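Scroll down for the structure; my scribbles are underneath it.
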Amino acid sequence: MQPISVLATLSGRDRPGVTASFFSALAAHDVDIRDVEQVVIRERLILAVLFDVHGDPGALRNSVTKAAGALGMEIEVAIADENAPRRRERATRSHVIVLGRPLRPGALSHVAQRIADIGANIESVTQLSTEPASSLEMIVRSDDQVALRAALVRAAEDTGVDIAVEPAGLRRRAKRLVVLDVDSTLIRDEAIDVLAERAGVGDQVAAITRRAMAGELDFGESLEARVALLAGLTEADLEDVRDTLRLTPGARTFVRTLRRVGFYVGVVSGGFTFVTDRFVDELGLDFAAANELELVDGVVTGRLVGPVVDRAGKAEALRTFAAKYGVPVTQTVAVGDGANDIDMLEAAGLGVAFNAKAALRAAADTSVNLPYLDSVLFVLGISGEDVEEAAREG
């Protein structure tokens, strides 16, 4: 006799022992489990079990109905439709993270419709966080990853939410090293602009900075031009500026959480070592690379010491630090905001554009436009509960 496929769905108030009691009722019959899904929302449990039953499905129905009644829960038992379409073998699964502050039902409806329009299917939805932003993770199965990404880009443009897409599988869970840009990423400020204001050349330097970050100027040449304008600043000026720089909201949480879950975390900056040195000490970063201002007798000369950390240099620094810690480049994450971060984000296993210029958004794997650095954690699949646990551990 051929086995009969049955789908049983149990729902009701959750409490310890519910799942064990239900599977105990199934164990009294000749049953092969094929699929299980369980979710608890606000103390209400939904447990769905697909299984093959060898023997009388009526007797099994009686057993599980009796078990559900004893638990004070509801149950639905249905013979599965064996003629229903099976999952297509060539379809692949992706993690789709949707972030918003707030996250409205209309936006989620639009995202889900865009996914359905290309024939993709949402297999599960999980709440990752409510603060500092609401975020959901969907597991989506699709035949065409290019079409999925294009559909979600349109959905993000239509709704104003952030949407990140990453292939499911071992590579996603294996990310182990994160490299951050500093100016306008780890910190809210552009340090060189603050220095320029101190030197009385703010407008000149800001104009060069904007053009460099937008990709209109070669970063190395623009950096030399801006540094030349800083000549005459003193070491005391550098220290004063360094101490005024402000961390991006969520930066401490971001670094603390990643280090607690086993990531190496550091910075690679087109800025200056006197800035990165502060945050290596303050945040307990694992590594840093940046440009060094030349000082003679405690005065900035307007020149740099050593090789320039420019666009190409940032990518090379990522590879160097990955090799130092024995992490394959495919298991790295890079986060930045400007055109000089393009090579670094393209070299990393996952490149995240954070409140970024258009040139970088076009090159990145995903973009986050919320003003909280810890919202990037959710793109990596780290939940709000994980963040809270890391905070409790100190």
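Coordinate-derived values only; no laboratory data. Predicted, not measured: the structure shown is a model, and the values here were computed from it. All Cβ positions, even for glycine, are placed from backbone atoms using ideal geometry, and neighbour counts span all protein chains on display.
Does the range 109-171 come out rounded, prolate or oblate by the C-alpha gyration tensor, with a ≥ b ≥ c the root eigenvalues, rounded set by a/c under 1.5 and, if not, prolate when a/b is larger than b/c and oblate if not?
Oblate is the answer for the range 109-171, as a/c is 1.5 or above yet b/c matches or exceeds a/b.
What FRET efficiency, computed as 1/(1 + (r/R0)^6) with R0 = 41 Å and r the Cβ-Cβ distance, is obtained for Arg101 and Arg303, rounded to the nearest 0.05?
Values: r = 44 Å, r/R0 = 1.07.
Using R0 = 41 Å, I get an efficiency of 0.40.
With θ set to phi - 60°, apply the Karplus curve 6.51 cos²θ - 1.76 cosθ + 1.60 along the range 127-132 and write out the HN-Hα couplings as whole Hz, x wherever there is a Gly or Pro.
Couplings: 6, 8, 7, 10, 9, x Hz.
List the lysines whose Cα lies under 24 Å from the Cα of Lys175, skipping any in the same chain that are fewer than 8 positions away.
The qualifying lysines are Lys314, Lys324.
Given contacts defined as C-alpha pairs under 8 Å and at least six residues apart, what's the relative contact order of the range 177-393, whole-number percent? Don't jump to the answer; show the numbers that get you there.
Values: 415 pairs, mean separation 52.2, N = 217.
Result for the range 177-393 is 24 percent.
Once all Cα-Cα distances of the range 177-393 are split into 5 Å bins that start at 0, what whole-number percent is in each one?
With a bin width of 5 Å, the distribution comes to 1, 7, 16, 20, 21, 16, 10, 6, 3, 1, 0.
List the residues whose amide H sits under 5 Å from the amide H of Ser269, counting only those 5 or more places along or on another chain, with H placed 1.01 Å from N in the peptide plane.
Correct list: Ala289, Ala290.
When all C-alpha to C-alpha distances in the range 138-288 are sorted into bins of 5 Å, what percent of pairs does each bin hold, rounded to whole numbers?
Pair shares across the bins are 2, 8, 14, 15, 14, 14, 13, 9, 6, 3, 1, 0, 0.
Which one, Thr301, Ser222, Leu152, projects farthest toward the positive side of the charge dipole computed for the chain from Cβ point charges (K/R +1, D/E -1)?
Of Thr301, Ser222, Leu152, it is Leu152.
Need one number: nm distance between label points at Ala214 and Asp240, each 7 Å from Cα along Cα→Cβ, rounded to one decimal.
3.2
Can you sort Tyr372, Tyr325 from fewest to most other Cβ atoms within 10 Å of each residue's own Cβ?
Exposure proxy ranking, most exposed first: Tyr325, Tyr372.
Which parts of the range 354-394 would a label at Ile139 reach, counting a residue when its backbone N lies under 20 Å from a point 7 Å out along Cα-to-Cβ?
378-386
Between Arg188 and Thr130, what's the calculated FRET efficiency when r is the beta-carbon distance and R0 is 35 Å? Round to 0.05.
After rounding to 0.05, the efficiency reads 0.90.
Simple spin-label model, 7 Å along Cα-to-Cβ: Arg44 to Ala28 in nm?
2.9
What's the magnitude of the charge dipole for the range 177-393 around its Cα centre, counting Lys and Arg as +1 and Asp and Glu as -1 at the beta-carbon? Answer in Debye, nearest 20.
In debye, rounded to 20, the range 177-393 gives about 460.
Can you tell me the order of 187-194, 279-286 when each peptide is scored by its average per-residue count of other Cβ atoms within 10 angstrom, highest first?
Order by mean packing, descending: 187-194, 279-286.
Quick check: the distance between the Cα centres of the range 3-22 and the range 41-81, to the nearest angstrom?
Centre-to-centre (Cα) distance: 5 Å.
Ranking Val6, Val387, Val153 by Cβ neighbours within 10 Å, fewest first, what do you get?
Sorted ascending by nearby Cβ count, the order is Val153, Val6, Val387.
In the range 117-134, whose amide N lies under 17 Å from the spot 7 Å out along Cα-to-Cβ of Ser109? List them in ranges.
Of the residues in the range 117-134, 117 have backbone N under 17 Å from the label point off Ser109.
Set the Förster radius R0 to 41 Å, insert the Cβ-Cβ distance between Glu197 and Tyr325 as r into 1/(1 + (r/R0)^6), and round the FRET efficiency to 0.05.
Efficiency, rounded to the nearest 0.05: 0.65.
How large is ³J(HN,Hα), in whole Hz, for each residue of the range 133-142 in order, when computed from phi with the Karplus curve 6.51 cos²θ - 1.76 cosθ + 1.60 and θ = phi - 60°, using x for Gly and Pro?
Whole-Hz 3J(HN,Hα) from phi for the range 133-142: 9, 7, 9, 10, 10, 9, 9, 10, 9, 9.
For the range 264-312, what number results from the quotient of the Cα radius of gyration and 2.2 N^0.38 Å?
That ratio works out to 1.22.
Could you work out the relative contact order of the chain, using alpha carbon pairs under 8 angstrom and six or more residues apart, expressed as a whole percent?
The value is 15 percent.
Place a +1 charge on the Cβ of each Lys and Arg in the range 4-79 and a -1 charge on the Cβ of each Asp and Glu, then give the dipole magnitude about the Cα centre in debye, rounded to the nearest 20.
Dipole magnitude for the range 4-79 comes out near 340 debye.
Looking only at Cα atoms, what is the convex hull volume of the chain per residue, in Å³? Present the calculation step by step, with values, prior to reporting the outcome.
Working: hull volume 62.9 nm³, N = 394.
Convex hull volume per residue, Cα atoms: 160 Å³.
With a point put 7 Å past each Cα toward its Cβ, work out how far Glu282 is from Ala362 in nm, to one decimal.
It is 3.4 nm.
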